[in-house]
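Trainee: One structure, pasted below without further comment.
The values are calculated or read from the model by the stated rules, or taken from the named source; none is laboratory data. Every value quoted in this text rests on a predicted model; they were computed, and no experiment measured them. Note that each Cβ is placed from the backbone with ideal geometry, even for glycine, and that neighbours are counted across all protein chains shown. When the accessible area is computed, the model is the full protein with side chains, heavy atoms only, and any ligands, DNA or RNA have been set aside. Shrake-Rupley method; radii C 1.70, N 1.55, O 1.52, S 1.80 Å.
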Amino acid sequence: MARDSQAALVALNRFGFGARGGASGDFVNAASDPRGFVKAELGRPNGVLLEAPGLQSTPQLGQAVFEYQAQVKAAREAATKAGTPAETKPGEAKPGEAPPQAQSAPPPADQKPAARRNLSLNAVAMDIAGQSPEMKPGDVAAKSTDAMQPNAAPPPAAKPAPQPLNVIQKTFRAEALARLQRATLADCGFTERLVAFWSNHFCISASKGELARIWAGAFEREAIRPHVLGRFADMLNAVEQHPAMLFFLDNQQSLGPDSRAGQNRKRGLNENLAREIMELHTLGVNGGYTQEDVTSLARIITGWTFAGRQGRLGEPGNFVFNANAHQPGPQVLLGKTYDAAGLAQGEAALADIARHPSTANFIAGKFARHFVADDPPPALVARLRDVFVKTDGDLKALATALVDSNEAWTAPLTKMRSPYEFLVASGRLLARVPEDPGQYLNSLNLLGQPLWSPAGPNGFPDTNAAWAAPEGMKLRLDIAVQIGSRLGNNIDPLDLLEFAAADAASTETRRTIERAESRQQALALLLMSPELQRR
Amino acid sequence: MTMDCVENRLLTSRRGLLLGGASFAAWAYLPKFARAADGRDPRLIVVILRGALDGLATVAPLGDPDYAGLHGSIALTRDGEHPALMLDSFFALHPSMPEFARMYRDKHAAVIHAVSTPYRDRSHFDGQDVLESGYAGPGRVQSGWLNRALEALPRGERVSSGLAVGPTTPLVLRGAAPTVGWAPVALPQADDDTAMRLVDLYRHRDPALASALSQGLQLEKAASGDDMKPKPGNAVAQMRLVAKGAAKLMAADDGPRIAALAFDGWDTHANEGGPVGRLAFLLGGLDGALAEFESGLGDRWRDTVVVVATEFGRTARINGTDGTDHGTGTIALLAGGAVKGGRVISDWPGLKLASLYEGRDVKPTTDLRAVIKGVLQDQFGLTDRVLAETVFPESASARPMKGLVV
């Protein structure tokens, strides 16, 4: 069969997470039928769902948080009664992962990439290591083998026992691990890239508080994955009714001014979710809506909330429509009047917004920008928009249209891999199925893309300027060197170049790797090569 | 599962070891080396210099009439601001290695010159493979000669396994015999050499990334306040730190007796420097590491041999960018209280064009395996046969060098 190495690079890197190493044959398979290789995953909608042993539903996780909070409170009260200082929450200081915070507390410092980026590298190194530089036999070796490999040894007994993880941290790590393993093992990774795209589009931030943190993974599994190859309107509805989103954008606090609850209390309307629905999730900032429309939509979705720990509205942690908080009466939104009372009012409004022409424009542009170029070809954007409109937001049709387009195969590979894509691609190439997410989470924090924790509701940026920034490149190199020094020992770097790019690799990259001083250095250089950084 | 192949290949002995031996106390089933005859408790440290050390720049044959011309602007001299340290009337040591010079004067250090493994080509990877595997050609096994030596030692009731210093076990210490790992807590950062190579690749292939990375590197230097100093200063500190930690572990009564570690950065294609400069920085780091071994091992230094070896040497003549390219013959260094030192051991081939290997490299006249076999035999009593068949297979012609150890 004809072999098209350049097209294989596009198939694997632009659409997927890069070639796997070892005997996967990814590059050869992609080269023999590039479009078919990418599309194969679109034919398996169930393959997008993520079910792993131990992962729980949003209500179950909500109850776990409520129980955990009750335990902490009880322990504090007992300590106060006994006259001893209250203990810190168990597991609070786990390195590399932000501790859960009280709901109104600001995000933890180590979740803020901006603050972290100004640290000297030595400080960062200490931060990552999470301990003093004195020697601890065995300890560091255990840590260093931990990264990107399944064979992490248990910490040596000599080490002081770390605080056990609390249920929130455990859950976050289990969710992260399931996602990382799926991305590492996928044949191409196109649908996992779609999941990441939509998850970032409809992002929540785990740094919002304990509920957001424990729900971050479940939100993606429940509201994003089932619809990645389904309809946009369904995804929109699932997202806006998910407790994690309602919590993240404060809708559980929003009360219709004329609702029964609103009249009894001082609190009132909160526009946060309504604004982001129109600005970020659907129409786009210039999508033709007014402040009136924002307020109107906010009123329309009052009462969209989740049941709290007392369960007065329903089973704790479940989405519920609270009629007591809902603003009564018809509302005008984008020139249309919504009469229906109750939950149906909001659902009708969302359904219309989902098929609004501005939404088609906004989604088509963002989709093409993510996969093809910062400034995507206008003809491609127009075609994607038409597909979106014609199919009433069929996201599988949208993805298929992208793969079928010529632009997606001929545009030069100029997009920078995000830190997540870079780390996953490295793990795939090195054939390391992660068994512990710690190193990934640390590296993502360092590189400014903490998992499920963007700084704002607009998600992580999706442009070269964001990811090819000077400090980011320097830190990326440090991480590549770290991976190289840990894993470079036993590999043949030229084999890996063959797996990753075969004869599509540039002469300069090949020569640079051949001439490296050590295998470790060669691996670091390979991971940093344009073939591995650009997609 | 399609990845099994690579997965298995990537596994090292590290895993088994960490699972088995969480503390020193758990090593009791491991071999005992102490020599009953003279009560000595010998120790061996193997230091691999990755990148091919310029032996002529480190131990310069000042007495050879062709040296100065070949090494040109980076040649060492007897006088000047940074005079080389004379080891004898012919060879002089790089001025950035005063500690090694002191050990040499005290007869606790020796140089072997014009030495090489059996490898005669010029690939770092293959050269390191031969150096560490102990086989005559590259890519034959996934175990190292030091591990096989460890395996061949008699078992006893006390201590100890091999110590792999650094984030991974070097090939030389990989194999069936158990090893333990230790590394100082620090994120390994990109050294200047790696960064420079990457910037160079980006300049040719991806100017935007070249500019971003260069800026990032400059910011980093400015932030750490050593803008004016070449980065190898950090490598120097790192080498000392590594050596200090290893020595502390090995000094313990039940600590490991055999260790291996690797220092990177010796691939000096450009701007190698002479008495000062890039190579000088690195040699200063190596010198500091040797001093740390000495002080850290305390009383045990008297029973210790440190072997410093590199995969091959560099061209005798400097190239067009004031550096040297991949060559063949180089040096090995021995240091330690157990070394019968104060000598440069060499069947010196001379640097006349006709005497150079392929007209460009120092011609190797000594087999590095003979040197190492001599040390292993004198320190641990391994037999000729074990050394020739197991530790260094197919090496019978390279007889163990006698009298390297006191």
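Trainee: What percent do you get for the relative contact order of chain B when only Cα pairs under 8 Å and 6+ apart count?
Mentor: Computed value for chain B: 27 percent relative contact order.
Trainee: Where in the range A:57-73 does the label zone of residue A:433 land, with the point 7 angstrom along Cα→C-beta and an amide N cut-off under 20 Å?
Mentor: Label zone hits: none.
Trainee: How big is D for chain B, in µm² s⁻¹ as a whole number, if Stokes-Einstein is applied with the Kirkwood radius of its Cα pairs at 4 °C and 1.567 mPa s?
Mentor: Values: Rh = 21.8 Å.
Translational D for this selection: 59 µm²/s.
Trainee: Nearest 100 Å² is fine: how much accessible area is buried between B and A, summed over both sides, with a 1.4 Å probe?
Mentor: Values: alone 17660 and 22370 Å², together 34200 Å².
For B against A, buried area totals roughly 5800 Å².
Trainee: While we're on this one: Running a GNM on chain B with Cα contacts under 10 Å, which residue among B:243, B:210, B:280 ends up with the highest mean-square fluctuation?
Mentor: B:210
Trainee: Another question, then. Taking the solvent-accessible surface of protein heavy atoms with a 1.4 Å probe, what is the per residue accessible area of the protein assembly as shown in Å²?
Mentor: 36 Å²
Trainee: Restricted to Cα positions, what overall size does the range A:280-406 have along the principal axes? Three whole-Å values, descending.
Mentor: That gives 55, 33, 24 Å along the principal axes, largest extent first.
Trainee: Among B:371, B:69, A:372, whose Cα lies farthest out toward the positive end of the dipole of the protein assembly as shown, if unit charges sit on the beta carbon of Lys, Arg (+1) and Asp, Glu (-1)?
Mentor: It is B:371.
Trainee: Whole Å is fine, so just give me how far the alpha carbon centre of the range B:94-138 lies from that of the range A:368-446.
Mentor: 49 Å
Trainee: Same structure again: Consider just the alpha-carbon atoms of the protein assembly as shown and return their Rg together with their Dmax, both in angstrom.
Mentor: Reported Rg and Dmax, both Å: 31.8, 104.
Trainee: Here's a follow-up. Calculate how many DSSP beta bridges within chain B are antiparallel, expressed in % of all such bridges and rounded to the nearest 5.
Mentor: 40 percent
Trainee: Which three extents, in whole angstrom, do the alpha-carbon atoms of the range A:423-535 cover along their principal axes, largest first?
Mentor: Its Cα atoms span 44, 30, 21 Å along the three principal axes.
Trainee: Hey, if you put +1 on the Cβ of every Lys and Arg and -1 on every Asp and Glu Cβ in the protein assembly as shown, which of A:38, B:199, B:258 ends up farthest toward the positive end of that dipole?
Mentor: Value: B:258.
Trainee: Another question, then. Determine by what factor the alpha-carbon radius of gyration of the range B:301-406 differs from 2.2 N^0.38 Å, reporting the quotient.
Mentor: Compared with the compact-globule rule of thumb, the range B:301-406 sits at 1.21.
Trainee: By how many nm would the segment from residue B:254 to residue B:358 grow when fully extended, if each residue of separation counts as 0.36 nm and the alpha-carbon distance is taken off?
Mentor: Result: 32.6 nm gained on full extension.
Trainee: Of B:255, B:181, B:320, which has the largest mean-square fluctuation in a 10 Å C-alpha GNM of chain B?
Mentor: The residue that fluctuates most here is B:320.
Trainee: Give the percent of DSSP beta bridges with both residues in the protein assembly as shown that are antiparallel, rounded to the nearest 5.
Mentor: Roughly 50 percent of the beta bridges in the protein assembly as shown run antiparallel, per DSSP.
Trainee: Between residue B:204 and residue A:375, what FRET efficiency comes out of the Förster formula 1/(1 + (r/R0)^6) with R0 = 35 Å and r the beta carbon distance, rounded to 0.05?
Mentor: After rounding to 0.05, the efficiency reads 0.90.
Trainee: While we're looking at this one, here's another question. Counting each DSSP H run of 4 or more residues in chain B as -39500 (n - 2.57), what helix-only mean residue ellipticity at 222 nm follows after dividing by all residues, to the nearest 500 deg cm²/dmol?
Mentor: When only DSSP H runs of four or more count, the value is -10000 deg cm²/dmol.
Trainee: Something else: Can you tell which of B:377, B:128, B:218 shows the greatest fluctuation in a Gaussian network model of chain B with Cα springs below 10 Å?
Mentor: With Cα springs under 10 Å in chain B, the top fluctuation among B:377, B:128, B:218 is at B:218.
Trainee: Accessible area of the protein assembly as shown with a 1.4 Å probe: how many percent of it is carbon plus sulfur?
Mentor: About 53 percent, which is the carbon plus sulfur part of the accessible surface.
Trainee: If you don't mind, another one. Which far-off residues, 5 or more places away or on another chain, put their amide H under 5 Å from the one on residue A:304, with H placed in the peptide plane?
Mentor: It is A:322, by chain and number.
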